[in-house]
Amino acid sequence: MSEIPVDQVKAYLLNLQNTICDQLEQEDGGATFLQDEWLRPEGGGGRSRVLTDGAVIEKGGVNFSHVFGKGLPPSATQARPELAGRSFQAMGVSLVIHPKNPYVPTSHANVRLFIAEKEGEDPVWWFGGGYDLTPYYADEDDCIAWHRTAKEACEPFGEKVYQDYKQWCDDYFFLPHRNEPRGIGGLFFDDLNEGGFERCFGLMQAIGNSYVEAYRPIMAKKKEMPFGARERDFQLYRRGRYVEFNLVQDRGTIFGLQSNGRTESILMSLPPLVSWVYDWTPEEGSAEAALTEKFLIAKDWV
């Protein structure tokens, strides 16, 4: 396939950004996403949308970007060294939602298309993305519903897709220096080009569309739950793990910085407030202890 329908993918991604922002604004009910359009000197640009100090969302960002470059950065060729030196374009929607209420989990999603090009050869393309959930006071029913929606999105594309992407997510969103996962997982995929462009684009769309279907009901269910200083302190402490992963492990963050992307948009994923407490451990049998003992473990949720 020499002609890649870039405009079709771009139109979908821009519409996805609109849809997710609209749905989350409705559920928040107290603030709106502010839009910031930007250009990248090397080529391309983006449309960042950020909501702060909402009724539910303390800080959330839903970003679209479409960037170009003369050479793929090391983070993009680590698994495919044969593509080093090719020019590229990358487009995608990436989002992180940090709620104010500790009973509402943090969520992250990303869907993207990469194209690596070399004169005289057909372009090499692949899709990637997924979504994951990071609870503080986890609810088993929420975890099951989250994974059930993810599984239903994948089922039309093969019976193994959900299980493979669920395992990939568990492996990817893991902090080796803490020996624990970032959350309860979801889906993660990369280098997707098997089965042709239409199939892969369809799978990316199914995953992108199902994110808000999975997350909004959890937000609606938990956003009115009362909480106090204890829950808030634990949330800020656990947010530290989120920051550690994004700054130390995440390939998307590394790619953005290596490709001279817009720093404000790349680091939009970080929470507004976070704390690190030296050598803290939860009380035995507490709700805080339950997070690591019952939820941040290898588990099949559906």
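The values are calculated or read from the model by the stated rules, or taken from the named source; none is laboratory data. It should be emphasised that the depicted structure is a prediction, and the values quoted were computed from it without experimental measurement. Using ideal geometry, Cβ is built from the backbone for each residue, glycine included, and neighbour counts are taken over all protein chains shown. When the accessible area is computed, the model is the full protein with side chains, heavy atoms only, and any ligands, DNA or RNA have been set aside. Shrake-Rupley method; radii C 1.70, N 1.55, O 1.52, S 1.80 Å.
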Filter pass, residue 109 being outside any loop (DSSP other than H, G, I, E, B), over 26 Å from residue 287 (Cα atoms) and not basic (Lys, Arg):
yes
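Filter the stretch 106-146 down to the residues that are on the phi > 0 side of the Ramachandran plot and either within 19 Å of the chain's Cα centre (by Cα) or at pLDDT 95 or above (or both) and list them by number.
129, 130
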Could you say whether any residue in the stretch 62-70 is of a type outside the set (S, T, N, Q), out of contact with any Pro (no Cβ under 9 Å at 6 or more places or on another chain) and open to solvent by 70 Å² or more (accessible area, probe 1.4 Å)?
yes
When you check residue 294 against the structure, is it within 20 Å of residue 139 (Cβ to Cβ), open to solvent by 60 Å² or more (accessible area, probe 1.4 Å), in contact (Cβ under 8 Å) with a residue 60 or more places away in the chain and not polar (S, T, N, Q), yes or no?
yes
Go through the stretch 21-61 residue by residue and tally those that are among the small types (Gly, Ala, Ser), crowded, with 19+ Cβ neighbours inside 10 Å and closer than 27 Å to residue 113 by Cβ.
4
Among the residues of the stretch 67-85, are any under 20 Å from the mean Cα position of the chain (by Cα), of a type outside the set (Ser, Thr, Tyr) and at pLDDT 95 or above?
no
Here's a check for you: in the stretch 101-135, which residue that is of a type in the set (Gly, Ala, Ser) and in contact (Cβ under 8 Å) with a residue 24 or more places away in the chain is surrounded by the fewest Cβ atoms within 10 Å (Cβ to Cβ)?
128
Residues of the stretch 247-291 satisfying the condition of being loosely packed, with under 15 Cβ neighbours inside 10 Å and either on the phi > 0 side of the Ramachandran plot or of a type in the set (Asp, Glu) (or both)
260, 264, 279, 283, 284, 285
One residue is enough: does the stretch 214-228 have a residue meeting the conditions within 26 Å of residue 88 (Cβ to Cβ) and within 16 Å of the chain's Cα centre (by Cα)?
no
Among the residues in the stretch 188-199, are any more than 25 Å from residue 28 (Cα to Cα), assigned to a helix (DSSP H, G or I) and either without any contact (Cβ under 8 Å) to a residue 24 or more places away in the chain or hydrophobic (A, V, I, L, M, F, W, C) (or both)?
yes
Quick one: which residue in 154, 169 is open to solvent by less than 10 Å² (accessible area, probe 1.4 Å) and touching a helix residue (DSSP H, G or I) at 6+ places or on another chain (Cβ under 6 Å)?
154
